[in-house]
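Below is one structure, written out as structure tokens; the observations come after it.
The values are calculated or read from the model by the stated rules, or taken from the named source; none is laboratory data. These numbers come from a predicted model, not from an experiment. Please note: Cβ atoms are built from the backbone with ideal geometry, for glycine as well, and neighbour counts cover all protein chains shown. All accessible areas refer to the heavy atoms of the entire protein, side chains included, with ligands and DNA or RNA removed. Shrake-Rupley method; radii C 1.70, N 1.55, O 1.52, S 1.80 Å.
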Amino acid sequence: MTLAANSPTSFQPSTTQRRPSAQPRRSASTSTLGISLVTLASLIALWFLATRFGWASPLFLPSPAEVLTQFSAVAADGYANGTLLDHTLASLGRIAAALGVGIFLGIPLGLLMGLNRWVKGIFSVPIDLYWGLPPLAYLPLLIIWLGIGETSKIVLLSLSTFAPICFAAQAGVRSVPIERINAALSLGASRLQLFTSIILPSALPEIMTGLKIAIGAGLSTLVAAELIAAQSGLGYMIMSAANFLATDVVFVGLIVIAVLAFAFTSGMRWLEHRLIPWKGKL
Amino acid sequence: MLRIRDASVTFPASDGQDVHALDHVSLDIAPDSIVVAVGASGCGKSTLLNAIAGFLPLTEGTITLDGKEIVAPGGDRGVVFQKDTLLPWANVLDNVALGLKYRGVRRSERRERSRRLLELVGLADFAEKPPYELSGGMRQRVGIARALATDPKILLMDEPFGALDSLTRETMQQLLASVLAMTGKQILFITHSIEEALTLGTTIVVMSPRPGRIVARFDADFVRDFAESGDIGPIQSHPRFIELRQEIRSLIHQPEAARTGTLQ
């Protein structure tokens, strides 16, 4: 290929620089979906068989049919001061509030900690200290300070969602490649432009990872908190049912929590795909 | 005009023996000239570029651009990096337009100007693609277009083709020679390839390590022929080219003791 100096526009990608075609379509989710569905069906079949042939007492393992009946009963008539929807919404509300607090406090503080030595020095010790504690260990203290109502629960949950989000935002700032910052500076970026156009988007993948961890931490803390001091919520419903050995209602509660966790994970995956399709690409 | 006067950069080392990455280097880069610094690894050529870019403070000496001393990175010096530094979340066009955006240029105007630059580097059809769908050579061309977009006074290129395969590299050299002939910018180009230095430079400075300093400089103008003909073959077999290549090679490979004049 020759190039005429007076017509550089004629310069075309040469054959040595192969134009990369679209990635071959073979995403992991489609190739394992069938296998996963078969596994799920097998588990349900096993459950069905175990109860049908009486391998376990119905008191310990209720049959799928019983659980299904109980599901509609709890959904329609309620159990332990509320319908299934009431309990689910109560739990979801708490988790949403805690995630909100975690996001609105954790992201800005984490970003500042990544940018400024002083902020990092001041805040990393208290966060490190409390993050190491099991939430259930300081729940009694929160109840003594804040009472048995919603406040203590939301503070407890917020503490468990805040730390992973804050750490992730901090790690995100520190993971920005120095060459990317230098490139922006030599293109004339101001400090504010550097932050909004380079640091914030560069930190986004880490922040999303932190958010996923926060949702997991929030869910496990949520149920634990509701087991101890609550008048509503899925954890409370499970605990009440367990007191009366209503194993079928316990199963209903567990299934709802499992579905919620699955929905959160899928939602986050979708959000990641939308917000950071470039993750790990460059 | 870029003026480097007695520039030194010293890094403290863990064993207490300071590393003189750059030792009293003086150099002028005039408008319309392409200065290529060539040397083995550790000779301070990248340190020199980083100091001019403002990424690295000088321990001693001064660097001025049109009389203004350089103390920090700025938009008057465009940098093309060895590692590509394009933003993966922005498409090719927006990457090229980044510097114009920082400058507050209107969206329609910056897209228009960026589009023209993409045409110049032969990537007009890739404007809407994300950078990670481009090959390494193409990404490097986007980097060049991005550095040219803000019309900097000087272009600093840090082994921009170092990571490319030899065929792509040759194509990139052709492209660069023609672009440079058109834009007429003052340029500092860093490379460890003697052939690349001779092909692209109007001035070639040879650097040597420990301490990093300039040991020789040569004038050449193969780049004009190259820009016109676009053919690297006849240039690299020119007797003068071969002679200079041999001379530079022996300078670079000379034992340290002989070069500094101290026999061990």
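Helix by helix, which DSSP H runs in chain A go 27 Å or more along their axis at the Cα atoms and have an average Kyte-Doolittle hydropathy of 0.5 or more?
Helix filter hits for chain A: A:28-52, A:84-115, A:150-174, A:200-228, A:247-275.
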*Taking chain A as a Gaussian network, Cα atoms linked when under 10 Å apart, which of A:46, A:133, A:37 shows the biggest mean-square fluctuation?*
A:37
*Work out the mean other chain Cβ neighbour count within 10 Å for the residues of B:68-74 and drop it here as an integer.*
2
*Using Cα pairs closer than 8 Å and at least 6 residues apart in sequence, work out the relative contact order for the range B:197-236, in percent.*
40
_Contact order normalised by length for chain A, with contacts defined as Cα pairs under 8 Å and 6 or more residues apart; what percent is it?_
22
*Please list, in chain and number order, the residues 5+ apart from residue B:79 or on another chain whose amide H is under 5 Å from its amide H, with Hs placed from the backbone.*
B:156
*Using the eigenvalues of the Cα gyration tensor, what equivalent ellipsoid semi-axes result for the protein assembly as shown when each is taken as the square root of five times the eigenvalue, whole Å, largest first?*
63, 28, 21
*residue A:47 accessible area, nearest 10 Å², 1.4 Å probe?*
50
_Only Cα pairs within less than 10 Å get springs; with that Gaussian network setup on chain B, which residue of B:41, B:108, B:193 has the largest fluctuation?_
B:108
*Expressed as an acute angle from 0 to 90° and rounded to the nearest 10, what is the orientation of the C-alpha long axis of helix B:136-149 relative to the principal long axis of chain B?*
80
*In whole Å, how far is the Cα centre of the range A:103-128 from that of the range A:67-89?*
42
*State, to one decimal in nm², a quarter of the convex hull surface area for the C-alpha atoms of chain B, i.e. the direction-averaged projected area.*
15.2
*asked:* Cut-off 10 angstrom, C-alpha nodes, Gaussian network model of chain B. Which of B:156, B:198, B:87 fluctuates the most?
replied: B:87
*Are there GluC sites (Glu not before Pro) in the range B:121-222 that DSSP marks as loop and that have at most 16 other Cβ atoms within 10 Å, and which are they?*
B:128
*So what is the calculated 222 nm ellipticity per residue for the protein assembly as shown, using -39500 (n - 2.57) for each DSSP H run with n of 4 or more, over all residues, to the nearest 500 deg cm²/dmol?*
-18000 deg cm²/dmol
*asked:* What is the angle, in °, between the Cα long axis of helix B:166-183 and the longest principal axis of the Cα atoms in chain B? Nearest 10 is fine, range 0 to 90.
replied: 80
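Within the set B:153/B:185; A:281/B:129; A:120/B:83; A:212/A:279; A:120/A:281, which residue pairs have Cα atoms separated by over 19 Å?
Pairs exceeding 19 Å: A:120/B:83; A:120/A:281.
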